[in-house]
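Let me begin by presenting the structure, written as structure tokens, before commenting on it.
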Amino acid sequence: MQVATLRTVLGPIFAGSWFDAAAGEAVVAVTDVTALARVRAAGVEARVVTRTDAQLTAVADGLRQKQVPAGVVGWYVDLPTDQVVVQVLDRSPATEAFLATAGAAVRAQAVTERPKPLYAVRGGDAWYGSNFRCSVGFSATDAAGGKHFVTAGHCTAGGGAASGYNQVSLGRINGSHFGSGGDYGKVDVTSGQWTLSGTVASGGGAVAVKGSAEAAVGAAVCRSGSTTGWHCGTIQAKNQTVVYQQGTVTGLTRTNVCAEPGDSGGAWISGNQAQGVTSGGSGDCTHGGTTYFSPVNPALSTYGLRLVTS
């Protein structure tokens, strides 16, 4: 008999179920000892508990209505022990008072640190400086295992702190090149909340990065940026010199793909091979345009980095 069927058959004395990995079997909890034989006859191990899963859930929900002290980092229903486990950093008077509100249904579990959200550094996503937004190019690591990403050099020219989604700290800008040989820069990812991803955002999905073999003129190429998202086209020329108002940059690759402000630094990929980071261009994504990218391999070489792949 399936656990779902037992829930229906047992009604109010059904107290939850779980899988006992050590024993390799499903377990059904009941609040009435006379039901043990019936459950075991159905081929499922049974245990008698004091509280149903609904009662434990009510206790857990009730804790959310209370003032949570600094020493408490979370709680969950633990069916095998028939309790609500509250994870605590300390046993201060405030923590003890919070635990006491739920009585015997609660058990404290000591933990050593507070959980934190985890974010991924992904090609095409936004990153922020002190007063601007650009886009992530490609995640990379150094020989010592340090975490970084490459982006446009005109984005990193001012140095300073870098942040990502929801202004969560990323790390520090630590490299900028804009002129002869390209437009590329580096951000050191020092915050433990961020992990490096070997992918590029592709309009609702992600493309895996497998390497950085350079594509030929005429090859298909796609770009990802935090303003206009994912757009594709063709490589038209290499080693182009572009005279920007801010200065002349050599070694760029010309494409017929559109881009707009804020897309700078974003990832270019051909198939699954990283190509470069957005430098600049003309036009827009409403009427079309020309966009130039700075090849990724010179940036990786300059900073002694290795591309993160999936």
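The values are calculated or read from the model by the stated rules, or taken from the named source; none is laboratory data. These figures come from a predicted structure and were not determined experimentally. Ideal geometry is used to build each Cβ from the backbone, glycine not excepted, and the neighbour counts take in all protein chains shown. The area values use the complete protein model at the heavy-atom level, side chains included, leaving out ligands, DNA and RNA. Shrake-Rupley method; radii C 1.70, N 1.55, O 1.52, S 1.80 Å.
Using a Gaussian network for the chain with springs between C-alpha atoms less than 10 Å apart, which of these wobbles most: 160, 198, 182?
In the Gaussian network model the winner is 160.
Taking 0.36 nm per residue of separation and subtracting the Cα-Cα distance, what length does fully extending residue 306 through residue 114 add?
65.9 nm
Determine the dipole magnitude for the chain: charges of +1 sit on the beta-carbon of Lys and Arg, -1 on that of Asp and Glu, nothing else is charged, the reference point is the Cα centre, and the result goes in debye to the nearest 20.
That gives the chain a dipole magnitude of about 140 debye.
Just read off the accessible area of residue 5 with the full protein assembly in place, 1.4 Å probe, to the nearest 10 Å².
60 Å²
What residue among 153, 241, 208 has its Cα farthest toward the positive end of the dipole of segment 153-278, where the charges are +1 on Lys, Arg and -1 on Asp, Glu, each on the Cβ?
So the residue furthest toward the plus end is 208.
Hey, rough spin-label estimate for residue 236 and residue 18, points 7 angstrom out along Cα→Cβ, what's it come to in nanometres?
Going by the 7 Å Cα→Cβ label model, 6.3 nm.
Using 0.36 nm per residue of separation minus the Cα-Cα distance, give me the extension gain between residue 144 and residue 244 in nm, one decimal.
32.4 nm
How much accessible area per residue does segment 136-236 have, counting only protein heavy atoms and a probe of 1.4 Å, in square angstrom?
39 Å²
Mind telling me which of 140, 201, 219 comes out most flexible in a GNM of the chain, alpha-carbon contacts under 10 Å?
For the chain, modelled as a Gaussian network with Cα springs under 10 Å, the answer is 219.
Can you compute the FRET efficiency between residue 66 and residue 41 using 1/(1 + (r/R0)^6), with r the Cβ-Cβ distance and R0 = 41 Å? Round to the nearest 0.05.
With a Förster radius of 41 Å, E is 0.45.
Please list, in order along segment 31-47, the HN-Hα scalar couplings obtained from phi with the Karplus expression 6.51 cos²θ - 1.76 cosθ + 1.60 (θ = phi - 60°), rounded to whole Hz, x for Gly and Pro.
9, 10, 4, 5, 8, 4, 4, 5, 5, 5, 5, 7, x, 10, 5, 10, 9
Tell me which trypsin sites (Lys or Arg not before Pro) from segment 13-64 have a DSSP coil assignment and no more than 13 other beta carbons within 10 Å of their own.
Listed in order of number, the matching sites are 64.
For the chain, what size does the Cα cloud have along each of its three principal axes, sorted from largest down, in whole Å?
Answer, in whole Å and largest first: 84, 47, 39 Å.
For labels at residue 219 and residue 166 in the simple 7 Å Cα→Cβ model, what's the distance in nm?
Result: 3.8 nm between the two label points.
Using a 1.4 Å probe on the protein heavy atoms, what percent of the accessible area of the chain belongs to carbon and sulfur?
So the carbon and sulfur contribution to the accessible surface is 51 percent.
Using Cα springs under 10 Å in a Gaussian network model of the chain, which residue among 17, 226, 163 shows the largest mean-square fluctuation?
Sorting by GNM fluctuation, first place goes to 17.
Which length gain, in nm to one decimal place, applies between residue 284 and residue 272 when the Cα-Cα distance is subtracted from 0.36 nm times their residue separation?
Fully extending the segment from residue 284 to residue 272 adds 1.8 nm.
Among DSSP beta bridges whose residues both lie in the chain, state the antiparallel percentage, nearest 5.
Taking every DSSP beta bridge with both residues in the chain, the antiparallel ones total about 85 percent.
Summing -39500 (n - 2.57) over the DSSP H runs of n ≥ 4 in the chain and dividing by its residue number, what mean residue ellipticity at 222 nm do you reach, to the nearest 500 deg cm²/dmol?
Counting only the DSSP helices, I get -4000 deg cm²/dmol.
Once you have a ≥ b ≥ c as the square roots of the Cα gyration tensor eigenvalues for segment 168-310, tell me rounded if a/c is under 1.5, and otherwise prolate or oblate according to whether a/b is larger than b/c.
Note, shape of segment 168-310 comes out rounded.
Between residue 89 and residue 50, take the C-beta separation as r, use R0 = 30 Å, and let me know the FRET efficiency to the nearest 0.05.
Between residue 89 and residue 50 the formula returns 0.60.
At 1.4 Å probe size, put 90, 188 in order of accessible surface, largest to smallest.
Largest accessible area first, the residues go 90, 188.
Hey, what D do you get for segment 66-212 in µm²/s if you plug the Kirkwood alpha-carbon radius into Stokes-Einstein at 10 °C and 1.306 mPa s?
Rounded, D is 87 µm²/s.
Classify segment 122-193 from the C-alpha gyration tensor, please: rounded if a/c falls under 1.5, else prolate or oblate depending on whether a/b exceeds b/c.
oblate
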